[in-house]
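Here is the structure we will look at.
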């Protein structure tokens, strides 16, 4: 599983076709559990974006779905919000 660099422009494009899940205010393990459930539901090549304000989730979520995703990316806002982008294998 590779990490892909994601800038603001990439993020806008990704969000147009991704499944977006708002997990702000939730702490581990909930973001990992939800990410695993959503990745299992979607077809290969589709994208899930987990929105979070829990910095630990940026490491834990990609690790929890590493067998099911080909790439992941982390987008960070200036205000402590993160978007974890997961590309299903």
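Nothing in this text is a laboratory measurement; each read-out follows from the coordinates by a stated rule. Note that the structure is a prediction, hence the values are computed from the model and not measured. Glycine gets a Cβ as well: all are built from the backbone with ideal geometry, and neighbour counts include every protein chain shown.
Just to be sure I understand, how many residues within the range 1-28 are in contact with a helix residue (DSSP H, G or I) (Cβ under 9 Å, 6 or more places away or on another chain), loosely packed, with under 15 Cβ neighbours inside 10 Å and either over 13 Å from residue 51 (Cα atoms) or without any contact (Cβ under 8 Å) to a residue 12 or more places away in the chain (or both)?
Selection size over the range 1-28: 2.
Could you say whether any residue in the range 29-38 is touching a strand residue (DSSP E or B) at 6+ places or on another chain (Cβ under 9 Å) and without any contact (Cβ under 8 Å) to a residue 24 or more places away in the chain?
yes
Checking residue 61 against (1) crowded, with 19+ Cβ neighbours inside 10 Å; (2) without any contact (Cβ under 8 Å) to a residue 40 or more places away in the chain; (3) more than 10 Å from the chain's Cα centre (by Cα), only one condition comes out false. Which one?
Just one mismatch for residue 61, condition (3).
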